[in-house]
Amino acid sequence: MRFDEKYSGNVFIGAGDDFDRAQAVIYGMPMDWTVSFRPGSRFGPARIRESSLVHEEYSHYLQRELSEVTYFDAGDIPLPFGNAEKSLQCIRQFVRKVLDAGKFPLGLGGEHLVTWPVVEEVYRAYPDLAVIHIDAHADLRTDYEGEIYSHATPLRKIAERIGGENLYQFGIRSMTKEEVMYTGEAGIHFYPFDVVEPLKQCLPELKGRPVYVTIDIDALDPAHAPGTGTPEPGGITTREMLQAIHAIARSEVRVVGADLVEVAPCYDHSEQTPILAAKLVREMLLGFVK
């Protein structure tokens, strides 16, 4: 796999063209093969990149400029349409190369199942890994209508791999009774509905640990982010999501990778969702890549 040129499309604002010098690598995972309601998140990564051009390269929140971080945008990973298992293999192989090169992986989804192979590889590199998961849905099912490869199952797979006690879930407001029971059985740190305050309470116990952060855009209320495949009323605000990212950025945890998933731009003709997502990615770059 070559890194001397990106796969396709535009690049995220401020991205450099030198993979070797980059601290971080942005990459798209344009997959929505297993969604249970509305497809379209495969178009998310490209639209987030395009929408990034509306933003400043300076974050007044973090008082950092994108020029202070060197990052390479590899474009979207070419994935075999409709083949979930092979697509996950492609993502896994790509992320392994990024990690082996000593780079920070920052992924753009795509459906949430794409997080599973990424965390597998990050866990291979960091065996004491913890995962912070911000979402409307628990994604803790063993299967969805008999299908184990589903956007409803990635966090179950992650919990079983890294240990439930190493998974921290925030903002969840939609799940099955079985998923609720599993959080207790597995020892998952589970904080429904709210994000910012419980997150701030948990961050000190993660001090010094490698942490992977996965954010589903539907953690936000549909009023703030309507462009997603499975919208769920009762979510957090844009400001709260920014506060959550900044709380992680200002803590003493060691973020070693992150992703933002489930942006489906075709359901938001105002484009507020990809524009918001691009701003969140900017803050993640500036806050997580030290």
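The values are calculated or read from the model by the stated rules, or taken from the named source; none is laboratory data. Since we're looking at a predicted model, the values are computed, not measured. Heads up, the Cβs are rebuilt from the backbone with ideal geometry, glycines too, and the neighbour counts pull from every protein chain shown. These accessible areas exclude ligands, DNA and RNA; they are computed on the full protein's heavy atoms, side chains included. Shrake-Rupley method; radii C 1.70, N 1.55, O 1.52, S 1.80 Å.
Would you please name the residue that is nearest to the chain's Cα centre (by Cα), looking only at residues in region 29-60 that are among the hydroxyl-bearing types (Ser, Thr, Tyr) and open to solvent by less than 30 Å² (accessible area, probe 1.4 Å)? Across region 29-60, the extreme among qualifying residues is 41. Once region 72-93 is narrowed to residues that are in contact with a helix residue (DSSP H, G or I) (Cβ under 9 Å, 6 or more places away or on another chain) and under 16 Å from residue 11 (Cβ atoms), the residue that is most open to solvent (accessible area, probe 1.4 Å) is 76.
Condition check ((1) buried (at least 21 other Cβ atoms within 10 Å of the Cβ); (2) of a type outside the set (A, V, I, L, M); (3) at pLDDT 95 or above) across all residues:
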{"residue": "95", "(1), (2), (3)": "yes, no, yes"}
{"residue": "112", "(1), (2), (3)": "yes, yes, yes"}
{"residue": "117", "(1), (2), (3)": "yes, yes, yes"}
{"residue": "144", "(1), (2), (3)": "no, yes, no"}
{"residue": "147", "(1), (2), (3)": "no, yes, no"}
{"residue": "150", "(1), (2), (3)": "yes, yes, no"}
{"residue": "162", "(1), (2), (3)": "yes, no, yes"}
{"residue": "173", "(1), (2), (3)": "no, yes, yes"}
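For region 254-290, residues that are at negative phi, in a loop (DSSP other than H, G, I, E, B) and surrounded by fewer than 23 Cβ atoms within 10 Å (Cβ to Cβ) total 5.
Exactly one residue among 168, 182, 212 is more than 29 Å from residue 61 (Cβ to Cβ), aromatic (Phe, Trp, Tyr), surrounded by 18 or more Cβ atoms within 10 Å (Cβ to Cβ) and modelled with pLDDT of 95 or more, and that residue is 182.
Within this structure, residue 220 fails the test of being touching a Leu at 6+ places or on another chain (Cβ under 8 Å), in contact (Cβ under 8 Å) with a residue 12 or more places away in the chain and farther than 14 Å from residue 135 by Cα.
Within region 185-201, the residues that satisfy the criterion of being in a helix (DSSP H, G or I), without any contact (Cβ under 8 Å) to a residue 60 or more places away in the chain and open to solvent by less than 60 Å² (accessible area, probe 1.4 Å) are 186, 196, 198.
Given the structure, is residue 158 under 25 Å from residue 88 (Cα atoms), open to solvent by less than 10 Å² (accessible area, probe 1.4 Å) and within 18 Å of the chain's Cα centre (by Cα)? Criteria met by residue 158. Of the residues making up region 215-241, just one is hydrophobic (A, V, I, L, M, F, W, C) and surrounded by fewer than 19 Cβ atoms within 10 Å (Cβ to Cβ), namely 223. As for region 61-71, it holds no residue that is crowded, with 23+ Cβ neighbours inside 10 Å and among the β-branched types (Val, Ile, Thr). Filtering region 159-171 to residues that are in contact with a Leu (Cβ under 9 Å, 6 or more places away or on another chain), without any contact (Cβ under 8 Å) to a residue 60 or more places away in the chain and not in a helix (DSSP H, G or I) leaves 167, 168, 169.
Condition check ((1) closer than 21 Å to residue 289 by Cβ; (2) without any contact (Cβ under 8 Å) to a residue 12 or more places away in the chain; (3) assigned to a helix (DSSP H, G or I)) across all residues:
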{"position": "205", "(1), (2), (3)": "no, yes, yes"}
{"position": "208", "(1), (2), (3)": "yes, no, no"}
{"position": "215", "(1), (2), (3)": "yes, no, no"}
{"position": "224", "(1), (2), (3)": "no, no, no"}
{"position": "245", "(1), (2), (3)": "yes, no, yes"}
